[in-house]
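Engineer: I have a structure here, written as structure tokens, and I will follow up with some questions on it.
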Amino acid sequence: MRAWIVILAFAAASLAVTPALAGRTCFTPKGDMIRCNSPGAMPVFWKPSPQVMWEREIAVKPPEPSNAELLAVFTGLALFLALIALLPDFDGWHPDDRNKSDKP
């Protein structure tokens, strides 16, 4: 009975909570996101031009890895997997354990 009271109290408390609403976000002329009504913010539904967004995406894009870096990663992964393959088989028992279990 007490468990049901605790469960119902928890359910009522979690359903009574109102979600927090975040403020609107607007763009700056450079394409950065900023809170509306902040200095430098554009009107609510304004969006930067596709050219500005493309230039921003290119500027943020990380450089691609070189062939040497890719080769190093694949070599390291291959060595790791080879070491795992060289591990001895382990099925959970040791030969000495069998002798101990035979004794009553």
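Read-outs throughout are calculated quantities, based only on the coordinates presented, and are distinct from any laboratory measurement. Quantities reported herein were computed from a predicted structural model and do not represent experimental measurements.
Engineer: Rounded to two decimals, what is the ratio between the C-alpha radius of gyration of the chain and 2.2 N^0.38 Å?
Structural biologist: 2.40
Engineer: With N denoting the number of residues in segment 23-84, provide Rg(C-alpha) divided by 2.2 N^0.38 Å, to two decimal places.
Structural biologist: 1.99
Engineer: Would you kindly derive the ³J(HN,Hα) couplings of segment 3-17 from the backbone phi angles with the Karplus curve 6.51 cos²θ - 1.76 cosθ + 1.60 (θ = phi - 60°), listing them in order in whole Hz, with x for Gly and Pro?
Structural biologist: So the J values, rounded to whole Hz, are 5, 5, 5, 5, 5, 5, 5, 5, 5, 5, 5, 6, 7, 7, 6.
Engineer: Below 8 Å between Cα atoms, with a sequence gap of 6+, how large is the relative contact order for the chain in percent?
Structural biologist: Relative contact order comes out at 13 percent.
Engineer: Then there is this: Report the extension gain between Leu15 and Leu71 in nm, rounded to one decimal, defined as 0.36 nm multiplied by the number of residues separating them, less their alpha carbon distance.
Structural biologist: 14.8 nm
Engineer: At 25 °C and 0.890 mPa s, grab the translational diffusion coefficient of segment 7-46 from Stokes-Einstein with a Kirkwood Rh over Cα pairs, rounded to a whole number in µm² per second. Mind dumping the intermediate values first?
Structural biologist: Details: Rh = 12.5 Å.
This corresponds to a translational diffusion coefficient of 196 µm²/s.
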